[in-house]
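Structure first, then comments.
What follows is calculated from the coordinates using simple rules that are stated; it is not laboratory data. Just so it is clear, the structure is predicted and the values come from calculations on it, not from any experiment. Neighbour counts run over all protein chains shown; Cβ positions are idealised from the backbone, glycine included.
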Amino acid sequence: MRRWLPYPAMSLFVFATWLVLNQSLAPGHLVLAAALAAAAGFLFVRLDPPPLRIRRRGLLLRLAVRVFGDIVRSNLALLWVLLSGRTSKVTSGFVSIPLQLTNPYGLAVLACIITSTPGTIWMSYRSRDNVLLIHVFDLIDETAWIRTITERYERPLREIFE
């Protein structure tokens, strides 16, 4: 079975997504969805992803709760900046953050965390020296941002994925 569908869960997701997006169960859409799902599985094999190992599942749940709280807090802080008329006093800037995290799945989760938090965005990652560059909308203290990213997010992600 793995020979025909090397990643069955991903192929099923592509198949279902195609049908939902087209809102049709017509035979042509079923055939096209099956072809796309099979092709996606074969193309993903060519990427040769490393195996996913989650070491501490309980910590993953605690991290998700922490991230949700940080997103809510960041939304409120950004709303306060916009409603208070303080936008002219906002200092945006870039922060370079040295990371110890090297696991590609952990880096992907970190990218999602940073980008989903209002006021921050993942700009680039230099894998040769393991430095992350983020943009912060209201940059007050660069060292606080480095400490926040490394202690609140990177450390748990290292425990979960490495």
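Remarks
- Cβ-based net charge around LEU110, under 14 Å, with every Lys or Arg adding one and every Asp or Glu removing one: -1
- Over all pairs of different C-alpha atoms in the chain, the reciprocal of the mean inverse distance, the Kirkwood hydrodynamic radius, equals 18.6 Å.
- Computed from Cα positions, the angle between helix 57-83 and the longest principal axis of the chain comes to roughly 60 degrees.
- You can think of it this way: the chain between TRP80 and LEU133 has 16.5 nm of extra reach, that is 0.36 nm per residue less the Cα-Cα gap.
- Maximal additional length on extending the GLU159-LEU21 stretch stands at 46.0 nm, based on 0.36 nm per residue less the C-alpha distance.
- Extension gain, VAL72 back to LEU32 (0.36 nm per residue minus Cα-Cα distance, nm): 10.4 nm
- Placing pseudo-labels 7 Å out from each Cα toward the beta carbon at LEU5 and ALA64 gives an inter-label distance of 2.4 nm.
- Modelled label positions at ILE140 and ARG56, each set 7 Å beyond Cα in the direction of Cβ, lie 2.9 nm from each other.
- Cα centre as origin, Lys/Arg/Asp/Glu Cβ charges: the chain dipole, Debye: 420 debye
- Local charge for ARG66 was computed over the other residues whose Cβ lies under 12 Å away, with Lys and Arg +1 and Asp and Glu -1, and equals +2.
- Relative packing of 107-119, 14-26, which averages over residues the other C-beta atoms within 10 Å, highest first: 107-119, 14-26
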